[in-house]
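The values are calculated or read from the model by the stated rules, or taken from the named source; none is laboratory data. Since this is a predicted model, take the numbers as computed values, not measurements. Cβ placement follows ideal geometry from the backbone for every residue including glycine, while neighbour counts extend to all protein chains displayed.
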Amino acid sequence: MSGTEGSAERVVIIGSGPAGWTAAIYAARANLRPVVYVGVPATNPAPVLPGGQLMLTTEVENYPGFPHGVTGPDMMAKFREQAERFGTRVVDANIERCDFSRRPFALTDSDGKAVHAQSVIISTGATANWLGHPNELRLAMNGGGVSACAVCDGALPAYRNQPLAVVGGGDTAMEETSYLTKFASKVYVIHRRDSLRASKSMQDRVLSNPKVEMVWNSAVEDVVGEKHLEAVVVKDVNTGATRRLDVKGLFIAIGHSPATRFLQGSGIEFDAKGYVMLRTRGSQTNVEGVFAAGDVADQVYRQAITASGMGCQAAIDCERWLAEQGVH
């Protein structure tokens, strides 16, 4: 909306993953008439879709209430439907700039429209860092055997008793590898160096597992497969020699980037890795009236259910804060 201070929205929610939609459900049921800016699709440099990382997930089997599983896009559609049922309004645009120096807060969307808000919930999530190969991104978006979350996808039937590969050398990569060994017949760990960055305990756990084969000093040169992953081609960074690994799953574990670029200069504080910093166990940021939920403020769990829980917290915190300000 374009508006003046007198027509400021009570709650603007930025982002449309599980955190954003859960916040919208709670805020709408509290009669706060939230508006959700769902974002617009982007594919460069990596796939970003309204609905977040779940839009790249074919089967979700670990979210309570779906005993037979549900696709990520279907889950987000149900979340949206539930939020809209209670009166949530939806805008198909990004928020591109934020000024939190005074209230009502001043936001600008991707259509150039001014948006005024008494409170804001930031739930823009984080995007996986991808290698950038065309087949990698295509298969990731089509559920073809490429993933950025082993805990989310690794237990799916398609990966059980199959050879898999993990790219990375930090703690996250080691955690993903350790998890996958429960299901895979073999796990290749592809790392550009001859030593790991992960903690000693994590290294020991992975390197001592007979299912793990390290592929040192190597980088993924190509991802092979039409509808489903068939193999990855790795290149030795020292000799240039290539090698084909026949695998049914490729898990990229080289980190995530929080979607916070639009917050630069807004006054919001970030941690050392660029995630929104929360002041307490709740959702309050360093700016009163601005709350954050989900992966944009969580670099540890990054699960749909934890994001939803944080969205619930943010909406409750926001409602209570608005009541203290006399906004109902």
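Overview of values
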| read-out | value |
| --- | --- |
| Any hit, the stretch 81-88, residues being assigned to a loop (DSSP other than H, G, I, E, B), in the same structural domain as residue 266 (by TED's automatic domain parsing), at pLDDT 95 or above and surrounded by fewer than 19 Cβ atoms within 10 Å (Cβ to Cβ) | yes |
| Residue in the stretch 154-163 that is buried (at least 24 other Cβ atoms within 10 Å of the Cβ), closer than 30 Å to residue 73 by Cβ and of a type in the set (A, V, I, L, M) present | no |
| Only one of 30, 19 that is surrounded by fewer than 24 Cβ atoms within 10 Å (Cβ to Cβ) and in contact (Cβ under 8 Å) with a residue 40 or more places away in the chain | 30 |
| Selection count where residues are of a type in the set (A, V, I, L, M, F, W, C) and assigned to a loop (DSSP other than H, G, I, E, B), scope the stretch 238-291 | 10 |
| Given (1) in contact with a Gly (Cβ under 9 Å, 6 or more places away or on another chain); (2) within 25 Å of residue 257 (Cβ to Cβ); (3) outside the structural domain of residue 32 (by TED's automatic domain parsing), index of the condition residue 123 fails | (3) |
| Scan of the stretch 115-152 for residues that are crowded, with 22+ Cβ neighbours inside 10 Å and part of a helix (DSSP H, G or I), ordered by number | 136, 139, 140, 150, 152 |
| Breaking point among (1) touching a His at 6+ places or on another chain (Cβ under 8 Å); (2) in a loop (DSSP other than H, G, I, E, B); (3) more than 24 Å from residue 128 (Cβ to Cβ), for residue 322 | (2) |
| Whichever residue in the stretch 274-328 is more than 18 Å from the chain's Cα centre (by Cα) and among the β-branched types (Val, Ile, Thr) and, among such residues, is surrounded by the most Cβ atoms within 10 Å (Cβ to Cβ) | 290 |
| Selection status of residue 234, part of a strand (DSSP E or B) and surrounded by fewer than 24 Cβ atoms within 10 Å (Cβ to Cβ) | yes |
| Filter pass, residue 58 being among the β-branched types (Val, Ile, Thr), part of a strand (DSSP E or B) and farther than 20 Å from residue 314 by Cβ | no |
